Structure formats: structure tokens, C-alpha cells
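Worksheet for the structure shown next.
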Amino acid sequence: MFGQIPGNIEHRMHYLRALDKKDRQDGTDHKRRLRQIPPETGRFIALLAASAPDGKLIEIGTSGGYSTLWLALACRETSRRLTTFEILKEKAELARETFRVAEVLDVIDLVEGDAREYLEKHERISFCFLDPEKEVYGECYEKVIPNMVGGGLLVADNAISHQEVLGPFIERALNDERVDALVVPIGSGELVCRKI
């Protein structure tokens, strides 16, 4: 999966990393900038997604599509599709361009809109990458977990870097009897939950 990343995907990943770096240097408004995961987190979530049981794969918070490209590698590896949700129009447009240029439209479905309005319709979820605005993590979690298959995995980004904001959500997950959970110190910190 990682040994032979197609050139068009690798080039687009490089482009998005450069765009993210520029946004950070320019001081772009935090809601508008990409704020994407580092490559090691991309590999981590791709590995987990490829190892998830049978069921649907979803991502909440597409941004420019960088993390989605890593998940597309897992989809290709396992012959599955991923549904990804992005609420901001300009980010959804960038993601559409990303998926077209990287040629991953065969495994990616982008939904432009608030994921919370769609999640209850998604059943048998086997993998979820959660990376939206921090204030909706808890609400998304509560909508996803009941619809996950046994052994399904939910990974939430920024569990260490945004501990002060996400603390109550992380505590809830770590003490939730429906899942086994831990925080993994990779990238910005990943909360990993496995549905019991």
C-alpha cells in the first residue's frame, strides 16, 4: 500500500502539504486554512482503515482532501469506498479538484454539507476518521458509535494538540463502555476507539 503510491496521488499530497505550509506562514484564518494531518498520521489511519472489519468507511472533515488520499490507498487495497464530509464550500471545491487530479474518484464519495445531518443514515460503519471543527467532535462521535459494527474503528485527530478543547470529549470516549479506547502519540495525537 505504501511501497508504490501512485505518482498522481504523491504529487497531489506534496501540493497540499506546500499549500498548508503557506497558509500557516501567511497566518490564514484558522477555519479557512487546511490544517491537515502530517504524513505519519496519514500512514497510521490508512493502516487502520485497511485493517477495519467489513462495513462502511467514512471521514468527517475532508478539508483539501489530504487525509482522504491516504484513506483512498486503503480503499484501493481492500476494494472499498469512502464517504467523506466537508461543510465549507471552498474546501469542498479544493477536495473535488484533489480527487480529480489524483484520480481517486473510483473510491471516494464527497458529500458537501454538515456530516451531522447525514450520519444517522449511515449504518454498519467499520471505520471513521474524525477531524472536523473541534466543537462538534462529541456530537459526531455520539452519532457514529451506535452505527458502528463490532470491531469497527473510530480515530479522532488532535487528541494531544487540542487537549484543552477536546478534554471532555476524550474523557467521554476513554470511559465509554461501548468502546475500548486509547490516545496514541503520533502526529497531533490520535484517539483510537474500537467498538466492542
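A viscosity of 1.567 mPa s and a temperature of 4 °C, combined with the Kirkwood radius over C-alpha pairs in the Stokes-Einstein formula, give segment 83-196 a diffusion coefficient of 87 µm²/s. Seen from residue 18, the other residues with C-beta closer than 15 Å to its C-beta sum to a net charge of +2, counting Lys and Arg as +1 and Asp and Glu as -1.
Each Cα pair under 8 Å and six or more residues apart adds its sequence gap; the mean of these over the residue count of segment 1-95 is a relative contact order of 30 percent.
Helical runs assigned H by DSSP (4 residues or longer) give the chain a calculated mean residue ellipticity at 222 nm of -13000 deg cm²/dmol, each run adding -39500 (n - 2.57) before division by the residue total. Note on 176, 20: ascending count of other Cβ atoms within 10 Å places them as 176, 20, the fewest first.
Shown here for segment 156-194: GluC sites (Glu not before Pro) in loop regions (DSSP other than H, G, I, E, B) with at most 14 other Cβ atoms within 10 Å, namely 177. Taking 0.36 nm per residue of sequence separation and removing the Cα-Cα distance, the residue 101/residue 174 pair yields an extension gain of 22.4 nm. A straight Cα-to-Cα reach below 24 Å connects residue 56 with the lysines 91, 121, 134, 143, 195, residues fewer than 8 places away in its own chain not being considered. Computed extension length for residue 88-residue 5: 27.1 nm, one decimal, from 0.36 nm per residue of separation with the Cα-Cα distance subtracted. Fewest-first ordering of 66, 15 by other beta carbons within 10 Å of each residue's beta carbon gives 15, 66. For the chain, the relative contact order is 19 percent, taking Cα pairs closer than 8 Å that sit 6 or more residues apart in sequence and dividing their mean separation by the residue count. Geometric descriptor of segment 7-151, per residue, is 99 Å³ (volume of the convex hull of the Cα atoms).
Each of 85, 129 was scored by other Cβ atoms within 10 Å of its Cβ. Listed from fewest to most, they are 85, 129. Segment residue 188..residue 118, full-extension length gain: 22.5 nm, with 0.36 nm per residue of separation and the alpha-carbon distance subtracted.
Quick note: the coordinates plus some simple rules give every number you see, no bench work behind them. The shown structure was predicted, so the numbers you read here are calculated from the model rather than taken from an experiment. Backbone-built Cβ (ideal geometry, glycine too); neighbour counts: all protein chains shown.
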